[in-house]
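Just below is one structure, and these are the notes that go with it.
Read-outs throughout are calculated quantities, based only on the coordinates presented, and are distinct from any laboratory measurement. Every value quoted in this text rests on a predicted model; they were computed, and no experiment measured them. Glycine gets a Cβ as well: all are built from the backbone with ideal geometry, and neighbour counts include every protein chain shown.
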Amino acid sequence: MQQWHFHPVVRLLAQRIGLGLLTLWVISLLIFVGIQLLPGDLADAVLGQSATPETVAAFRHELKLDLPPHIRYLHWLSGAVEGDFGRSLANQRPVAELIGWRFGNSLFLAGVTALIAVPLAVVLGLMAALYRNTLFDKLISTSTLSVISFPEFFVAYILIALFSVQLPFFPSIASITPDMGLGQKLYAVFLPCLTLALVVTAHMMRQTRAAIINILASAYIEMANLKGLKRMRIVVLHAFPNALSPVINVIALNLAYLVVGVVIVEVVFVYPGLGQLLVDSVAKRDIPVVQASGLIFATTYVLLNLLADILSILCNPRLRSPR
Amino acid sequence: MKRLQHLLKEGKMDRRQLLQAAAALGITASLDTTWLSGIARAGEAPKRGGRLRIGISGGSTTDALDPANTTDMMMQVFIYGALGNNLVEIDATGKPVPELAESWESSPDAKTWTFTLKKGVEFHNGKTMDSDDVIYSINHHRGANSKSGAKTIVKAITDIKKDGKNKVIFELENGNADLPFIMTDYHLVIGPKDVDFNTGIFTGGYKVENFEPGVRAYARRHPNYFKSDRAWFDEIELLGISDVNARTNALKTGQIDVMNRCELKAVHLLKRSKGLQVMQQNGYKHFTFAMRCDTAPFGNNDVRLALKYAIDREQMVKTILRGYGVVGNDHPIAPSNRYFASELPQRTYDPDKAKFHLKKAGMANSATFTLHTAEAAFVGAVDAGVLYREQAAKAGITIDVSREPNDGYWNNVWMKKPWCAVFWAGRPTEDLMFSTAYAKGGAWNDTFWDNARFNELLVQARSELDETKRRSMYVEMQRLVHDDGGAVVPMFSSDLSAASEKVGHGDLAVNAELDGFKAPERWWFKG
């Protein structure tokens, strides 16, 4: 009976967090098994063409790759829970140190992009719903949809060709170093941010538009219409709050994508994010780094979804105080 | 001779090629050397200062500062070309010249080598280099627990002793006249005794300031560098840029000063761009189609010869390399190697001869061979396979091109399948090249070739100190590989890099890309 004392939102929250942790544990298992299935190991990959049986054997022994898998898994998991991801097999640097800086960079890129893209998408979506089926609506829909249907690297190269080669406004490579100021960093990441913003805006904008239009068909909106309220007021104050829930979910998905799925943009702009590290580490079979990055990606997804859930609950009075 | 001078002026020939051609004509004596140096070194005197930014491919997040782990370009240029020095270096003409060693001499059997070290060379941590540091650094690669990429090449060293502070004596298992060359290997960089190599402390012209694996490597000039006429820049910055388009854009927009590995398709565009220079090095890099001589049907030399005659090398160079390379002659020794056999006739495309040898092997009408290839083998390897198939078809030979996955190509295809495409960076010495890839029992003898005369010559030539005798042995060995070996060697590929016109340099060394990896040490900004 104790649980009745908790606020229902708190209970819901605890439930979600518990489920999230369970999901993470399952993912940790999947990551580990997946890596075991890759052919070859670090010793082969790092030494490449210069691998002879004796160097490979010496390498494996030193890296403890000759221990059975379940022991390595338990070892890794217990370390990860305590926040110790071990050391990179390839260069002996602590994984946390390798990943920390890059993860920060990924978050920075995603954050700046989100600051541009989310308000833009929501406002455009509102406008499109407001002026549904007008030339304006069609123009926004077509342009955003065309941008989303190009591959990211294509958009990136077009932007480089325009704003870096033809008109030398922005740098074509976004190389940032820890000692750069915020202004310099913003300048350096302008083109990759623009690329990503163009790619993610369409999705969010379409979702906002669809959700609002959906709500505009309900009876209470008709009531508002009949009361003679202005269309702008209806859309912004009456329809939008009720459309928030699906919009928030789409935004969360896109934010997660911005953090974990932008490898191609990172390569084109030579941006030192987490994606490139993961790709390199998989190619070299640097297992601790792959596992840690995989886990961080998974945590990002779980956290953002959790946040989306909580926000939708908070903005929905029916979910906020269920009877 | 007039024609040669003309070619040189037009830039179609470099000084080395001119000298070789002149030597072939027997007219070296008539060359006016002052005229020669006047043209070849028209550049002004080097100038100090500036930050050289190199956009480089071949960097990885798994890189480390320990030279034992070096496998690719970014670390080769950073450790070997900027931070450190070896006992010996290779100069622009391909000869071993003193670096940390002042001089060296060997016993008549080439088994015992004494290196005398330069005095007063200072490490980045202030320590003065002596024989203990050299022994420590070479031993780093030796021994049962070594996981160094240089483990096999230092295996022949049985003992290293010091003779005072400035002399180191190497004892070898068998005589080796090329030990000075071996000491130029990019793994064998000298660091201070009992200091972890991952600290990046060496003797070179630049001191590591910041290193983010695969992303950025940054170093400042070491004020007490022992070479006064090298390391002209104040700062060196290497940016790992794996995408060739990103490198090209960065160079065009002035974000970097130098890029390596230009895209063949775009070189003519770069050449036309204002303010850029394209640098071509004809080095040792070559591509092969390796046939396993221990596996049917490649055990029969007539089959091997048929396939060697069925490839049009000129067309391969023209199509696959877009002209940036030279034809191979079915042996791995490049025209820029010391003992290249220029007297060996060039094998040409000859469908009739291919048919003849195939008939002799008794496979006239039903000959199908599977060639395993992947882009991982070398850039354009799949296209090269398809082109080869078309060329061989004219000789009635059917080649079945089998495309393999890139991931794991070197583990699962190379040295496993009977016939596959292979990349070779090449080696600065004939002995290293042959011992690695053509000798019986060689670690990467990917043709599984076993020729008694060749193996015997290889051992003899290794310890032969007489240049003329040595040359004739290597020429015979090239002939043996050419006539009997298991590798079709269609082409040697040039190294192409590009730089801003502000970057100055002397004659480029061809032993490795970017002036033998030494661009940070050897280049400068023009005034």
Ranked list, fewest to most other Cβ atoms within 10 Å of each Cβ, for A:315, A:193: A:315, A:193
Cα-based helix-to-principal-axis angle, A:69-81 vs chain A, degrees rounded to 10: 50
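Only helical DSSP H runs with n ≥ 4 go in: add -39500 (n - 2.57) per run for chain B, normalise by residue count and round the 222 nm mean residue ellipticity to 500 deg cm²/dmol.
Computed ellipticity for chain B at 222 nm equals -7500 deg cm²/dmol.
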Per-residue ³J(HN,Hα) for the stretch A:282-293, Karplus 6.51 cos²θ - 1.76 cosθ + 1.60, θ = phi - 60°, Hz, x for Gly and Pro: 5, 4, 8, 6, 7, 4, x, 5, 4, 4, 5, 5
Whole-Å distance, taken between Cα centres, linking the stretch B:199-232 and the stretch B:146-181: 26
Fewest-first ranking of A:234, B:236, A:213, using other Cβ atoms within 10 Å as the exposure measure: A:213, A:234, B:236
Packing-based order for B:237-243, B:462-468, A:159-165, using average beta carbon neighbours within 10 Å, highest first: B:237-243, A:159-165, B:462-468
Compactness index (Cα Rg / 2.2 N^0.38 Å), the protein assembly as shown: 1.10
In Hz, Karplus ³J(HN,Hα) per residue of the stretch B:97-103 (6.51, -1.76, 1.60; θ = phi - 60°; x = Gly, Pro): 10, x, 10, 7, 8, 8, 7
Cut-off under 5 Å, modelled amide H: who pairs with residue B:291 long-range: B:487, B:488
Rounded tilt (10° steps) of A:95-130 against the dominant C-alpha axis of chain A: 20
J(HN,Hα) series, the stretch B:511-518, from Karplus relation 6.51 cos²θ - 1.76 cosθ + 1.60, nearest Hz, glycine and proline x: 5, 7, 4, 6, 6, x, 6, 9
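Hey, what did the stretch B:425-498 get for relative contact order, percent, Cα under 8 Å, at least 6 apart?
Values: 51 pairs, mean separation 16.4, N = 74.
Once normalised by length, the contact order is 22 percent.
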Sequence-distant residues sharing a close amide H with residue B:283 (under 5 Å, placed H): B:495
Rg/Rg_globular for chain A, with Rg_globular taken as 2.2 N^0.38 Å and Rg from C-alpha atoms: 1.22
Distance from the stretch A:169-183 to the stretch B:305-357 (C-alpha centre basis), Å: 48
Cβ-based charge dipole, the protein assembly as shown, positive-most Cα from B:59, B:411, A:311: A:311
Selected from B:487, A:292, B:358, residue furthest toward positive end of dipole (the protein assembly as shown; charges at beta carbon): A:292
Sorted by Cβ density within 10 Å, fewest first, the residues B:435, A:281, A:149, B:57: A:149, B:57, B:435, A:281
Cβ-defined net charge surrounding residue B:326, 12 Å radius [Lys, Arg +1; Asp, Glu -1]: +2
Top positive-direction residue, dipole computed over the protein assembly as shown with Cβ charges, set B:139, B:240, B:316: B:240
MRE, 222 nm, helices only [DSSP H, n ≥ 4, -39500 (n - 2.57), over chain A, to nearest 500]: -24000 deg cm²/dmol
Dipole in debye (nearest 20) - chain B, about Cα centre, beta carbon charges: Lys, Arg +1; Asp, Glu -1: 1240
In nm, spacing of pseudo-spin labels at residue B:425 and residue A:17 (7 Å Cα→C-beta vector): 5.2
Other-chain or far-sequence residues with amide H under 5 Å of residue B:57's (modelled H): B:241, B:260
